[in-house]
Amino acid sequence: MSTRIEATFTPADFSALGDRDISQATCVVFDILRATTSMNTALANGAAAVIPVATIEEAVAIRKERPDVLLAGERDGVRILADQSGGVDFDLGNSPREYTEEVVKGRTIVSTTTNGTRALRACTGAKHVFIASFGNLRAIADWIEQNTVSHLILVCAGTYEEAAYEDMVAAGALCEFVWAQFVTGHFSDAAEMARQIYRVMQRDVESAMQYSRNARRLLSMPDLKDDVQFCCQRENLRLIAALNEAGEIRVIN
Ligand code: MLT
């Protein structure tokens, strides 16, 4: 079986996925700080589903149809308020620490974030779309091995229009875990670059965040600085969450 592993680092890269046939590919989406970490945390704490949408307007439209959903997300890192949404204060921001069992158990969350939810939507059409955080990389790697995935695309959400250091480190960790499965096939330079950055940084992922623009921004905000450490927790979640054809993220394993 021929194999292929590749990585994308910027919104320009993930937007280009729409021009390709990715119907046989497994995509893993990384927005470590913080969208994909928050989604996995919500699902681990019992949320029924997360619906990622690209815009505030889409989120508000879903709430009109389904008043029971929680509205979540951020713009410039902070919770979306009525003046940005045409009158609705969102229930949650994008801090994973907000997504406690008490708040999310049994609830469906509609989330819109600057990059993460756009990256997820860009993978629509892939065979599988998984949600990555440092907490569940081994679980995803095990699934990839057990299901003999042959085409893997690591989709890094980035920060605004640029590559994000933290996403590259996490994508590199997953590369490292599955490398034996892909090394005899095609591996892109981007996947190799991510893997090498991870190998340098693996002993102290939290310190590596000093190189991340997004981490420095969060660390400068008193209410959000603890999110960086929270998002660097490793292998504390065994769950695998996937985006399904209905556009919902649910736990599959
Ligand atoms: C994003 O989707 O761009 C982020 O997760 C940003 C953030 O949470 O600050």
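Numbers below:
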item	result
Under the span-like rule (Cα at least 15 Å along the axis, Kyte-Doolittle mean at least -0.5), DSSP H helices of the chain	165-182, 189-201
Percent carbon-and-sulfur accessible area, segment 4-248, ignoring ligands, DNA and RNA, probe 1.4 Å	47 percent
Which of THR184, ALA47, ALA35, positive extreme of dipole for the chain (C-beta unit charges)	THR184
Kirkwood hydrodynamic radius of segment 126-208, from inverse mean 1/r over distinct Cα pairs, in Å	13.2 Å
Equivalent ellipsoid dimensions for segment 164-236 as semi-axes, Å, which come from the Cα gyration tensor, largest first	27, 12, 9
Spin-label proximity, SER15 to segment 161-200 - amide N less than 15 Å from point 7 Å beyond Cα toward beta carbon	161-163
Highest-first arrangement of 200-212, 160-172, where packing means the average Cβ count within 10 Å	160-172, 200-212
Per-peptide average of other Cβ atoms within 10 Å, ordering 148-157, 64-73 highest first	148-157, 64-73
Gyration tensor over alpha-carbon atoms, the chain, equivalent ellipsoid semi-axes in Å	28, 20, 16
Accessible solvent surface per residue of the chain, calculated while the other protein chains remain in place, 1.4 angstrom probe, Å²	43 Å²
Cα-Cα pairs of segment 205-251 separated by more than 12 Å (percent)	69 percent
Radius of gyration and maximum dimension Dmax of segment 41-121, Cα, Å	11.5, 31
Sorted peptide list for 94-100, 5-11, criterion being average Cβ within 10 angstrom, highest first	5-11, 94-100
Per the chain, cysteines lacking a partner by the 4.7 Å Cβ criterion	CYS156, CYS175, CYS231, CYS232
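The values are calculated or read from the model by the stated rules, or taken from the named source; none is laboratory data. Keep in mind the model is a prediction, meaning the values are calculated, not measured. Positions of Cβ are generated from backbone atoms using ideal geometry, with glycine treated the same way; all protein chains shown enter the neighbour counts. Accessible surface areas use protein heavy atoms only, side chains included; no ligands, DNA or RNA. Shrake-Rupley method; radii C 1.70, N 1.55, O 1.52, S 1.80 Å.
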